[in-house]
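Take a look at the structure below.
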Amino acid sequence: MNSREFLQALMDRAGDTANSLARKAKVPQPTIYRFLSGTASEPRVSTFEPIARHYGVPVEAFLSERARADAVDTVFGGVPAKEVGATPIPESNDIPIPQFDTGGKMGDGLELRDQPGIIKSWNVSQEWLHKNVRDYSSASNLCIVTGFGDSMRGMFNPGDPLIVDLGVNVVAFDAVYFFRVGNEGFIKRLQRIPGEGLVAISANKAYRDWTIKPDMDLEVFGRVLKVWRSEDF
């Protein structure tokens with residue numbers, strides 16, 4: 001078991017996603033995602049000290065194979081290291097998709113204006129995820145954002161479910177993103193305009209486009225992959 005597999009086993013055991021672990025351990029979510037996906041180098045002690053404290057394991061377990069084997073024996077009740085994380089898949093094969101947790105953002109919470117309650121979680125089958133959601137970074141990075149406000153009417157309504165990929169934290173291309181400016185959350189199409197920066201575009205044409213200026217406090221939470229638009233009958 002390497003250090004990435006060890007972290008994933010700890011996360012699976014605790015029911016954590018990259019997003020929830022980042023919030024609990026106060027480590028940037030992109031750092032966790034890059035490590036798990038293999039796009040980052042081996043872990044730094046300073047990065048993994050808070051994660052080790054959160055899971056109650058020595059930080060050396062992420063750096064040394066011998067220390068990792070000892071930690072596996074302690075944490076996983078004597079199960080051989082090679083077996084940890086290898087088989088425990090729920091019989092139903094359900095994949096949980098949790099609601100995005102705003103509580104850890106901006107101290108007192110992220111403000112999502114006019115959100116009429118939330119959808120707490122979904123459990124979906126692997127087949128449903130494979131056939132209905134495309135181009136996601138990892139199933140553990142998916143979350144539900146319950147639609148809020150009316151600026152995106154035409155694409156979705158307040159209260160509708162949106163699936164967001166929290167593994168995408170930069171605007172590499174034009175798409176619909178979930179982000180904040182200051183302590184207020186937004187769902188908008190972000191378009192890159194040379195010489196101007198990012199332009200936030202609403203689906204509801206009653207709202208004007210606006211530019212995210214370089215001095216604004218911007219954080220991209222993820223890219224919106226799927227939306228459902230409800231209708232009353």
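The values are calculated or read from the model by the stated rules, or taken from the named source; none is laboratory data. It should be emphasised that the depicted structure is a prediction, and the values quoted were computed from it without experimental measurement. Positions of Cβ are generated from backbone atoms using ideal geometry, with glycine treated the same way; all protein chains shown enter the neighbour counts.
General remarks:
- Of the criteria (1) at pLDDT below 95; (2) polar (S, T, N, Q); (3) buried (at least 19 other Cβ atoms within 10 Å of the Cβ), which one S202 fails: (1)
- Selection status of D12, modelled with pLDDT of 75 or more, among the acidic types (D, E), in a helix (DSSP H, G or I) and more than 17 Å from A67 (Cβ to Cβ): yes
- The test for being touching a helix residue (DSSP H, G or I) at 6+ places or on another chain (Cβ under 7 Å) and assigned by TED's automatic domain parsing to the domain that holds S140 holds for N169.
- Consider segment 139-181 and keep the residues that are touching a Ser or Thr at 6+ places or on another chain (Cβ under 6 Å) and not in a loop (DSSP other than H, G, I, E, B). The one that is farthest from E127 (Cα to Cα) is D165.
- Which listed residue is at negative phi, free of Cβ contacts under 8 Å to residues at least 60 places away in the same chain and surrounded by fewer than 21 Cβ atoms within 10 Å (Cβ to Cβ), from R53, R13, R23: R53
- The residues listed here are E196, E219; of these, the one that is closer than 23 Å to N141 by Cβ and either touching a residue at least 12 places away in the same chain (Cβ under 8 Å) or not assigned by TED's automatic domain parsing to the domain that holds M155 (or both) is E219.
- Number of the exception - R113 against (1) more than 30 Å from E5 (Cβ to Cβ); (2) charged (D, E, K, R); (3) surrounded by 14 or more Cβ atoms within 10 Å (Cβ to Cβ); (4) at pLDDT below 95: (3)
- Any hit, segment 147-170, residues being surrounded by fewer than 12 Cβ atoms within 10 Å (Cβ to Cβ), modelled with pLDDT of 90 or more and either among the charged types (D, E, K, R) or within 19 Å of the chain's Cα centre (by Cα) (or both): yes
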